[in-house]
Amino acid sequence: MSLPSHLGQAYAHAVAAKRRQVWIGLLVLGVCVLLSGKVAEISAAKLADNIGNFSNYIDRIAHLESGQWVISDPAEWFWGWKKWLALMGETLLMAYVGTLLGAAAALVLCFLASKNMTQSAWLVFATRRLLEFARTVPEMVFALIFVVAFSLGPLPGILALAIHTTGALGKLFAEVVENVDMKPVDGVLATGGNWLHKVRFAVLPQVASNFASYALLRFEINVRGAAVLGFVGAGGIGQTLLEVIRKFYYADVSALLVLIIATVMLIDAGTERIRHRLLGQERQA
Amino acid sequence: MSVQQLPGAASALAQRQQALRTRYAAHFQPVYRGHLGAFSVAILAVLVFAYGVYSLDMSYARIVGGLGELGRMVLRMLPPEPGSWSLAGIYAYAMLETLAIALLGTLLAAIVAFPLGFLAARNTTLNRVVQFFARRSFDTLRGVDILIWALIWINVVGLGPFAGVLALFMSDLGSFGKLFSEAIEAADDKPVEGVVSTGGSSLSAVRFGILPQLLPVLLSQVLYAFESNTRSASIIGIVGAGGIGLILSEQIRTLELQQMAFVILLILATVSLIDFCCARIRFSIIGVRAR
């Protein structure tokens, strides 16, 4: 079976146009990549020359100073476990406090940033821009500034996490609030409830489990973030990690990395279970 | 005419309420049941928070003092200005370097993660063991932060943007591997059955059955990653892996606050520009307007 010739032509044209578009896109991408390679000083030769260093590095962090495998002597490998666990605890606590502060701020701001709860268009606009600012500036940048203002320690790190969390959660929360069923809100309004009543009795019951789930996800992300805030002196395990990397204490590097990765995975698994339960509740309700 | 003005209406209302209360007693019970658990979780959360505030040295004096200092710093940031034209040129080039790092890191990771994603997906993997190890390797790569990867690669290829590209590559490889394999698992297997039923090999099943469903999803994920990598690439300079982060951290250390504010605004503007462009490209590829 063959197509009528004009249809065949039209089809060929459509395919050709699509192909042309793809080729132009690829060409633009190729030019961008070449330029980027130039700007970023990519050199395959350098990588090839030094890739040995990478495997060498991995090899070194997998061995103790005595030359044994790290796994053969865990006590020697994790010689500083008391200090490191305390630092990891501090990191977790920073993430927790930062997440809670940020979530609380986001809880207040999200209602101001959703069109169905706030009448004034400019208030919605202003709140949204504020949240956007808070999440677009990387938390490291906030941490750098806060370290100067609040001096070294966990406090600037917590505040940096809290601000970034406010921005990220505020947006997600506002999206949830904008999608609520408005009938309960009308009901509360009809019985003479004020704005706070609307929020407390009509909206919060609908969104609470979603909010908690998003907050837990953020906590997970913030644990990763808190682990490196120490690089700029903002508390947690990062400072020690930076030191052992810079001073080439190879076995310590791997010990700390294993500690951080294990903690992150544990937190991931834990929060994922809680989140599934929370969202499961929602589906039943 | 309102209810209160009718004689005897108030008592009638009270009577009706009483009747309702006795009839639907269960609905007038305070809802404590099932709240005990939530209540104890809340108490625990507050206790941990209080312990955190205490042990992390978040004293009132420090916070107030710091906020005052922060206010003074913000005042000294105004108005943001680059200092001179030559400095502005340096900043612009550093920003370009940041974008280059983000583009190359994302693209390399996407290219390498593409075949590996098939190994980590339940429906296309070779066997369970390979799938398990692929998944765990991706988890490990993701578990290490970009800044840590940057420090490790600096030991290998030296200071500079190349280390940044490799750092982004490592951590994106982990997230792309996970996202790609999940997308492959979510693909509809009816087209695959169709290809197989016409006698296609397993390779052509992947090429004509899965790939057409997959590409738009993957491209959109890559574009999202590029956006967030622009942000990441702007801070890896803090540890010396290229991009504008180095300039930013130096300016904060030397308290050149006006210029710092200029650089931050430059980063924000670039990030929004990239967001905008990516949203346009995503729209033209998958035909769905991004929210």
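How many residues are in a helix (DSSP H, G or I), more than 19 Å from B:Ala120 (Cβ to Cβ) and in contact with a helix residue (DSSP H, G or I) (Cβ under 9 Å, 6 or more places away or on another chain) when one looks only at the stretch B:178-206? Total satisfying the criteria: 7.
Within the bounds of the stretch B:127-136, is there any residue that is β-branched (Val, Ile, Thr) and either within 8 Å of chain A (Cβ to nearest Cβ) or in contact (Cβ under 8 Å) with a residue 24 or more places away in the chain (or both)? Checked the stretch B:127-136: no residue is β-branched (Val, Ile, Thr) and either within 8 Å of chain A (Cβ to nearest Cβ) or in contact (Cβ under 8 Å) with a residue 24 or more places away in the chain (or both). Restricting B:Ala113, B:Ala109 to residues that are in contact (Cβ under 8 Å) with a residue 12 or more places away in the chain, touching a Gly at 6+ places or on another chain (Cβ under 6 Å) and in the same structural domain as B:Ile238 (by TED's automatic domain parsing) narrows the list to B:Ala113. Scanning the stretch A:1-45 for residues that are surrounded by 10 or more Cβ atoms within 10 Å (Cβ to Cβ) and part of a loop (DSSP other than H, G, I, E, B) turns up A:Leu3, A:Ala40, A:Glu41, A:Ile42, A:Ser43. For A:Glu272, the conditions (1) in contact (Cβ under 8 Å) with a residue 12 or more places away in the chain; (2) closer than 20 Å to A:Tyr96 by Cβ all hold with the exception of (1).
On the stretch given as the stretch A:213-255, residues that are over 25 Å from A:Ile145 (Cβ atoms) and more than 21 Å from the chain's Cα centre (by Cα) total 10. Condition (residue is more than 8 Å from chain A (Cβ to nearest Cβ), farther than 17 Å from A:Leu159 by Cβ, part of a helix (DSSP H, G or I) and touching a residue at least 40 places away in the same chain (Cβ under 8 Å)) applied to the stretch B:45-56: is it met by at least one residue? Checked against the condition, which is being more than 8 Å from chain A (Cβ to nearest Cβ), farther than 17 Å from A:Leu159 by Cβ, part of a helix (DSSP H, G or I) and touching a residue at least 40 places away in the same chain (Cβ under 8 Å), the stretch B:45-56 yields no hits at all. Cβ-Cβ distances below 7 Å connect the following pairs, each with a first residue in the stretch A:186-197 that is closer than 15 Å to A:Gln119 by Cα, a second residue that is assigned to a helix (DSSP H, G or I), and a separation of six or more residues or different chains: A:Leu189/A:Lys198. Pairs meeting the criteria (first residue in the stretch A:241-264 and in a helix (DSSP H, G or I), second residue of a type in the set (Phe, Trp, Tyr), beta carbons under 7 Å, at least 6 apart or on different chains) are A:Leu242/A:Phe231; A:Ala251/A:Trp77; A:Ala255/A:Trp77; A:Ala255/A:Phe78; A:Leu256/A:Trp84; A:Leu259/A:Trp84. Examine the stretch B:120-133 for a residue that is surrounded by 18 or more Cβ atoms within 10 Å (Cβ to Cβ) and charged (D, E, K, R), and state whether such a residue exists. There is no residue in the stretch B:120-133 that is surrounded by 18 or more Cβ atoms within 10 Å (Cβ to Cβ) and charged (D, E, K, R). So for the stretch A:215-226 (the condition being free of Cβ contacts under 8 Å to residues at least 12 places away in the same chain, within 13 Å of chain B (Cβ to nearest Cβ) and either buried (at least 24 other Cβ atoms within 10 Å of the Cβ) or not β-branched (Val, Ile, Thr) (or both)), does at least one residue qualify? No; the residues of the stretch A:215-226 include none that is free of Cβ contacts under 8 Å to residues at least 12 places away in the same chain, within 13 Å of chain B (Cβ to nearest Cβ) and either buried (at least 24 other Cβ atoms within 10 Å of the Cβ) or not β-branched (Val, Ile, Thr) (or both).
Okay, residues lined up against (1) within 11 Å of chain B (Cβ to nearest Cβ); (2) in contact with a Lys or Arg (Cβ under 9 Å, 6 or more places away or on another chain):
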| site | (1), (2) |
| --- | --- |
| A:Ala212 | yes, yes |
| A:Leu229 | yes, no |
| A:Leu241 | yes, no |
| A:Ile260 | yes, yes |
| A:Leu278 | no, no |
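Among the residues that make up the stretch B:97-115, is at least one of them part of a helix (DSSP H, G or I), at pLDDT below 85 and away from chain A (no Cβ under 14 Å)?
Checked the stretch B:97-115: no residue is part of a helix (DSSP H, G or I), at pLDDT below 85 and away from chain A (no Cβ under 14 Å).
For the stretch B:137-148, taking the residues that are at the interface with chain A (Cβ under 8 Å from one of its Cβ atoms) and not polar (S, T, N, Q), the one that is nearest to B:Ser234 (Cα to Cα) is identified as B:Leu147. Somewhere in the stretch B:149-172, is a residue farther than 24 Å from B:Ser234 by Cβ, assigned by TED's automatic domain parsing to the domain that holds B:Ala121 and of a type in the set (Val, Ile, Thr)? Within the stretch B:149-172, none of the residues are farther than 24 Å from B:Ser234 by Cβ, assigned by TED's automatic domain parsing to the domain that holds B:Ala121 and of a type in the set (Val, Ile, Thr). Would you be able to say whether some residue in the stretch B:67-75 is buried (at least 17 other Cβ atoms within 10 Å of the Cβ), in contact with a helix residue (DSSP H, G or I) (Cβ under 8 Å, 6 or more places away or on another chain) and within 30 Å of B:Ser175 (Cβ to Cβ)? Taking every residue of the stretch B:67-75 in turn, none turns out to be buried (at least 17 other Cβ atoms within 10 Å of the Cβ), in contact with a helix residue (DSSP H, G or I) (Cβ under 8 Å, 6 or more places away or on another chain) and within 30 Å of B:Ser175 (Cβ to Cβ).
Among the listed residues A:Gly187, A:Gly230, which satisfies the condition of being modelled with pLDDT of 85 or more, part of a helix (DSSP H, G or I) and under 30 Å from A:Ile71 (Cα atoms)? Lay out the reasoning, then the answer.
Values: A:Gly187 fails: under 30 Å from A:Ile71 (Cα atoms).
A:Gly230 is the lone residue from the list that is modelled with pLDDT of 85 or more, part of a helix (DSSP H, G or I) and under 30 Å from A:Ile71 (Cα atoms).
Determine whether B:Ser234 is within 9 Å of another protein chain (Cβ to nearest Cβ), closer than 26 Å to B:Leu219 by Cβ and loosely packed, with under 15 Cβ neighbours inside 10 Å. Judged against the criteria, B:Ser234 is not a match.
The values are calculated or read from the model by the stated rules, or taken from the named source; none is laboratory data. Note that this is a predicted model, so its numbers are computed, not measured. Here Cβ is always computed from backbone atoms with ideal geometry, including for glycine, and neighbour counts include all displayed protein chains.
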